[in-house]
Amino acid sequence: MKRRDILKGAALAPFSAALLSASRTAQAGSVQTKRTNMAQAKVANTPSRGAGTGKVPGFAEHLVTSDMDGLGPDGKPTGQKMTFTGASKADATAQSAEGQQMKLTKEEQAILDGKEGEEKAKLMKILVAFGNAFGAEKLVELGGAPHSNLYIGAPYMNSMITMLEECADAGLKSYAPYTVNPRPYDVYNVQNNPKDMELIYEGYPLQMRLDYVHSRLGAPDLNYRSCACYLDEIGNAPKPGTYVAWCESSAVNYGNSVLGIRTNRNGAGMDMICAMLKKAPLFGLMTDEGRKAKWLVEVKTSNEPDWGALGTAIGRKCVEDVPYVTGLDKYFEGGKVTADNLHLLKAMGSATASSGAVGLYHVENVTPDAKDKGRDLLGEGYQTYVYDDAEQKRIIGTFQNLWPEKDGDPTAVFIGCPHNTYHELVKWGRLVTEALDKAGKEESAIPVYMFCANKVRDRLIEEDGELASKMKRAGMHSTNMCAVSYSGMKGFSDRVRGVTNSAKTRNYSTIRYFPDEILVETIVTGKIPKAT
Ligand code: F3S
């Protein structure tokens, strides 16, 4: 399967599975449906082809599985399949969706029965089916604030956007102001030619409807759009232990691991359904049992690891199991994750979540669960994976050159997937402008796109205006869009030979991955150094 197909599948499958289950379990539905009244019958709508047969319909067979197998220490497949929730503990299959029935409170049952309106009843029906599919026993109350990854106003999102509009029309809202992923394009800060503009306007005709409905449901303005919602400038960092229902693999991964919040890796749309109900089914990474590690990953590189390569290695090995990682605490002084070092875990974690589907990792002496419980987090029968210099070299050796014109020179640099922190903007600003000064140049040889929230860019302008101006003059463009969506534009790989520091971008596109020092040299000369 091509990388981009995986991305598309990963984004859509969980929600499809939930919707499918919603209709399929109309017959299996139980405690709840036995008490069905007229209002609920009204929201049931048309059953799917599979409803009432007790069998998983052919077209749904692969909705909760994928071809992404884990590899055991012997290098052979473990047979583990992703569920896309980041919680292999749930061990869900389409068949297992049939049997489970969650216990609902009176209040929840009343919502399901339509006492709070038709729209809320529909949402509850989907949520209950979703929970049943993954073996949840109950719903839990959510806190903090939601994060949504519904950010693409493409035609295939029409039914989802319509559903959200119906909810907004009915007066529903998220339980708290929420954050949303960056938009898929930027018509201001990158050099879009007329063809690019055509692709943008033709490719995302529903963008305004989507942005508008987010605003109606409680999202702030577009300056806050970011996948790194947990940064101080954006402010969505719930307290440890808080149940939330986030979407966006990198945010879920960071939130669970570094913030210590409790969320599954939800499919697009489930975020908003949970947000409007203020509830989510309790399973997988939201439970103590689901947060136990199945892998002990021992990092034994002689120098600081390449964080993106390390994350890629962990994702490939663990798929969506939880790893407990040792050997990294020396890079976090006093075991503290700060505004100046969090980008290391952001880079590693997002790579685990994109080369596999890791929704939570523990770092010994650093992340909150690991600080609390230490190696007691290792589950029975855990496996061990050693990541040393040789393994790092092997992993990087698997990063293929996917440019159609393999020997061409790079044409653009992509920094910041997940979105850059303020610290990263300053670091890259200094690295590049100082290297240019040294080379007697004022401008980079190729454009450098710095992906970040407007709020983070604004902080740079306010606190370090001189550097911000210098970066702009040097050809470094701050843009608040999503790097991968931009690189997924039709024809992109034919006309752009991109280079990046993001293993996540590499995982999902033809953009090539290099260490920072190589990227700096490339930015100055426009060429990839010969020795690499
Ligand atoms: Fe963020 Fe887009 Fe990368 S949402 S993590 S910039 S894929």
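The values are calculated or read from the model by the stated rules, or taken from the named source; none is laboratory data. Remember, predicted model here, so these are calculated numbers, not experimental data. Please note: Cβ atoms are built from the backbone with ideal geometry, for glycine as well, and neighbour counts cover all protein chains shown. For the accessible areas, the whole protein counts, side chains as well, though only heavy atoms, and no ligand, DNA or RNA atoms are used. Shrake-Rupley method; radii C 1.70, N 1.55, O 1.52, S 1.80 Å.
Looking at the stretch 287-441, the accessible area is 40 square angstrom per residue; that uses a 1.4 Å probe and ignores ligands, DNA and RNA. Straight-line cross-link partners of Lys330 among the aspartates and glutamates, defined as a Cα under 15 Å from its Cα and at least 8 positions apart when in the same chain: Glu298, Glu304, Asp306, Asp340, Glu364. Carbon-plus-sulfur accessible fraction, the stretch 341-435 (probe radius 1.4 Å, protein heavy atoms only): 46%.
Amide H contacts of Val140: Ala280, Leu282, each under 5 Å away and 5 or more positions distant or on a separate chain (H built 1.01 Å from N in the peptide plane; Pro and chain starts excluded).
At a Förster distance of 30 Å, what's the computed FRET efficiency of Ser302 paired with Lys371, Cβ-Cβ distance as r, to 0.05? Could the numbers behind the result be given before it?
Values: r = 26 Å, r/R0 = 0.87.
Computed FRET efficiency for Ser302 and Lys371 comes out at 0.70.
Taken one residue at a time, the phi angles of the stretch 371-384 give Karplus couplings (6.51, -1.76, 1.60, θ = phi - 60°) of 5, 6, 10, x, 6, 5, 6, 6, x, 4, x, 4, 10, 10 Hz. Gly and Pro are set to x. Computed from backbone phi, the HN-Hα couplings of the stretch 181-190 come to 4, x, 5, x, 8, 9, 9, 10, 9, 10 Hz, rounded to whole numbers (Karplus: 6.51 cos²θ - 1.76 cosθ + 1.60, θ = phi - 60°; Gly and Pro given as x). Here the simple spin-label model places points 7 Å from the Cα toward Cβ, and for Lys527 and Asp388 these points are separated by 3.8 nm.
Within the set of other residues whose C-beta is less than 10 Å from the C-beta of Leu377, count the net charge using Lys and Arg as +1 and Asp and Glu as -1.
Details: positive: Arg291, Lys292, Lys373, Arg375; negative: Asp288, Glu364, Asp369, Asp372, Asp376.
Summing Lys/Arg as +1 and Asp/Glu as -1 gives -1.
A cut-off of 5 Å between modelled amide H atoms, ignoring neighbours fewer than 5 places along the same chain, links Ser478 with Met450.
Peptides 223-229, 399-405, 457-463, ordered by how many other C-beta atoms sit within 10 Å of their residues on average, highest first, read 223-229, 457-463, 399-405.
What full-extension length gain, to one decimal in nm, is calculated for Arg216 and Ala170 as 0.36 nm per residue of separation minus the Cα-Cα distance? Walk me through the numbers before you get to the answer.
Numbers: separation 46, 0.36 × 46 = 16.56 nm, distance 1.11 nm.
Extending this stretch completely gives an extra 15.4 nm.
Under a 1.4 Å probe, what is the accessible area of the stretch 164-205 per residue, stated in Å²? Walk me through the numbers on the way to the answer.
Values: 2090 Å² over 42 residues.
Spelled out: the 1.4 Å probe surface of the stretch 164-205, per residue, equals 50 Å².
Taking 0.36 nm per residue of separation and subtracting the Cα-Cα distance, full extension of the segment from Ile461 to Lys239 would add 77.0 nm. Taking amide H as placed 1.01 Å from N in the peptide plane, the amide H of Val325 sits under 5 Å from that of Val297, His362, Val363, Glu364, each at least 5 places away or on another chain. Between the stretch 419-478 and the stretch 250-267, the C-alpha centres lie 29 angstrom from each other. In a shell of Cβ-Cβ distance under 9 Å around Ala170, excluding Ala170 itself, what net charge do Lys and Arg (+1) and Asp and Glu (-1) give? Combined, the nearby Lys, Arg, Asp and Glu give -3.
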